[in-house]
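Chemist: One structure, as structure tokens, below. Some questions next.
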Amino acid sequence: MNNQPKLPAHSIWVFRTSLVATRDVQKIGPLLDQLPAIHRWNVCLDDCDKILRIEAGSELEAATVMSLLHRYGYDCEELPD
Amino acid sequence: MRTRDENKVRAIRQKAIQLIVKHGLDGFSIQKLAKAADVSPATIYIYHKDKEALILQICLELMDKMLNASLKDFNTDMSFEEGLKIQWKNRAAFFIQYPLETQFMEHLRYSPLYDKVRDEIGKKFSDTMGLFIHNCIRRKEIVKLSFEIYWSVAFAPLYQLIKFHTQGRSFKGNEFVLTDKIMMQACELVVKALKP
């Protein structure tokens, strides 16, 4: 187990959301940018699950992201592995 | 910390190529790929930023593999005839060994995504081939031509012969196999056509 190659220093979180259009992404984007643990994020609007993908330090908690989107009226849940 | 699962990475890659060849780029989605590769969509997103990044990565890896294969035993100081024959032999061997991957690259070639591929791969290969052609023109082995005319004469015949070979027949309907003899016969005509 220890000698297997590891993913890079950030971890990846994948969420299913109810973000629909660019304006939704523009609304929550700046808020995601303010979370210090997040290195990079992107939204796949052409995926039926409207995926929010986040590259972040391992200190990020999924609950933080989910409650942020919920606060602005969007559904958000982690996609199972 | 999650560790990279090479079996899953391989399955994702192979199934993506198969799905795109079978159903085209428009019909392709991460959901369909996940089902076909027997992984969760989340797993695919662990390894790839989005659908476009996945397709581009596969294409870049294949193009790199193909271009390296085409440069085997090739050097830019060769005569035009020798160099072109090696290019033909190497490319034919690659396309025949990897028919699915070749069709995948064909699908990409006519999509807007290909601009990004061209930017990344283009320079290394075009520098090498550019130098080869420059030397051939300098030695007066070939006429100076626009890239489009040169490529259409130098390589399109080979690509058509390979298409006939993978289909097993030509427009005439009879069975066709691309032999070394046929390939070299066509190549010699091309060399002749490009002589000053």
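The values are calculated or read from the model by the stated rules, or taken from the named source; none is laboratory data. Because the structure is predicted, anything quoted here is derived from the model rather than measured. Using ideal geometry, Cβ is built from the backbone for each residue, glycine included, and neighbour counts are taken over all protein chains shown. Just so you know, the surface numbers come from the protein's heavy atoms only, side chains and all, with ligands and any DNA or RNA stripped out. Shrake-Rupley method; radii C 1.70, N 1.55, O 1.52, S 1.80 Å.
Chemist: So how many residues does region A:42-68 have that are over 16 Å from B:TYR47 (Cα atoms) and in contact with a Ser or Thr (Cβ under 6 Å, 6 or more places away or on another chain)?
Modeler: 2
Chemist: Return the residue satisfying two criteria in turn: it lies in region B:145-159 and is of a type in the set (Phe, Trp, Tyr) and part of a helix (DSSP H, G or I), and of such residues it is least open to solvent (accessible area, probe 1.4 Å).
Modeler: B:TYR150
Chemist: Here's something else I'd like to know. So, of the residues in region A:71-80 that are assigned to a loop (DSSP other than H, G, I, E, B) and within 14 Å of chain B (Cβ to nearest Cβ), which turns out to be most open to solvent (accessible area, probe 1.4 Å)?
Modeler: Selected residue: A:PRO80.
Chemist: What is the one condition in (1) surrounded by 14 or more Cβ atoms within 10 Å (Cβ to Cβ); (2) modelled with pLDDT under 95 that B:GLY130 does not satisfy?
Modeler: All conditions pass for B:GLY130, except number (1).
Chemist: Could you tell me whether any residue of region B:61-72 is assigned to a helix (DSSP H, G or I), in contact (Cβ under 8 Å) with a residue 60 or more places away in the chain and open to solvent by 10 Å² or more (accessible area, probe 1.4 Å)?
Modeler: no
Chemist: If you don't mind, another one. I'd like to know if region A:61-70 contains one or more residues that are among the acidic types (Asp, Glu), on the phi < 0 side of the Ramachandran plot, more than 13 Å from chain B (Cβ to nearest Cβ) and free of Cβ contacts under 8 Å to residues at least 24 places away in the same chain.
Modeler: Scanning region A:61-70 turns up at least one residue that is among the acidic types (Asp, Glu), on the phi < 0 side of the Ramachandran plot, more than 13 Å from chain B (Cβ to nearest Cβ) and free of Cβ contacts under 8 Å to residues at least 24 places away in the same chain.
Chemist: Taking into account only those residues within region A:38-60 that are assigned to a loop (DSSP other than H, G, I, E, B) and touching a residue at least 24 places away in the same chain (Cβ under 8 Å), which is surrounded by the most Cβ atoms within 10 Å (Cβ to Cβ)?
Modeler: If we take residues in region A:38-60 being assigned to a loop (DSSP other than H, G, I, E, B) and touching a residue at least 24 places away in the same chain (Cβ under 8 Å), then A:LYS50 is surrounded by the most Cβ atoms within 10 Å (Cβ to Cβ).
Chemist: Also: Taking the stated definitions as given, is B:GLU101 away from chain A (no Cβ under 14 Å) and either in contact with a strand residue (DSSP E or B) (Cβ under 9 Å, 6 or more places away or on another chain) or part of a helix (DSSP H, G or I) (or both)?
Modeler: Considered against the rule, which asks whether it is away from chain A (no Cβ under 14 Å) and either in contact with a strand residue (DSSP E or B) (Cβ under 9 Å, 6 or more places away or on another chain) or part of a helix (DSSP H, G or I) (or both), B:GLU101 comes out as yes.
Chemist: Could you pull out the residue among B:ARG139, B:ARG169 that is farther than 23 Å from B:LEU60 by Cα, at pLDDT 95 or above and among the basic types (Lys, Arg)? Step through it out loud before you land on a result.
Modeler: Details: B:ARG169 fails: at pLDDT 95 or above.
Matching residue, one of B:ARG139, B:ARG169: B:ARG139.
Chemist: May I pose another question? Give just the number: which of (1) under 30 Å from A:ARG53 (Cβ atoms); (2) modelled with pLDDT of 95 or more; (3) not charged (D, E, K, R) does B:LEU56 not satisfy?
Modeler: (2)
Chemist: Could you run through region A:9-21 and say how many residues are open to solvent by less than 90 Å² (accessible area, probe 1.4 Å) and closer than 16 Å to A:ASP75 by Cα?
Modeler: Result for region A:9-21: 8.
Chemist: Give the residues of region B:12-54 that are assigned to a helix (DSSP H, G or I) and facing another protein chain (nearest Cβ under 7 Å), sorted by residue number.
Modeler: Restricting attention to region B:12-54, the residues satisfying the condition of being assigned to a helix (DSSP H, G or I) are B:12-23, B:30-37, B:41-47, B:51-54.
Selection gives B:ILE30, B:GLN31, B:PRO41, B:ALA42, B:THR43, B:TYR45, B:ILE46, B:LYS51.
Chemist: Also: For region B:160-179, enumerate the residues that are open to solvent by 40 Å² or more (accessible area, probe 1.4 Å) and touching a residue at least 40 places away in the same chain (Cβ under 8 Å).
Modeler: Scanning region B:160-179 gives B:HIS165, B:THR166.
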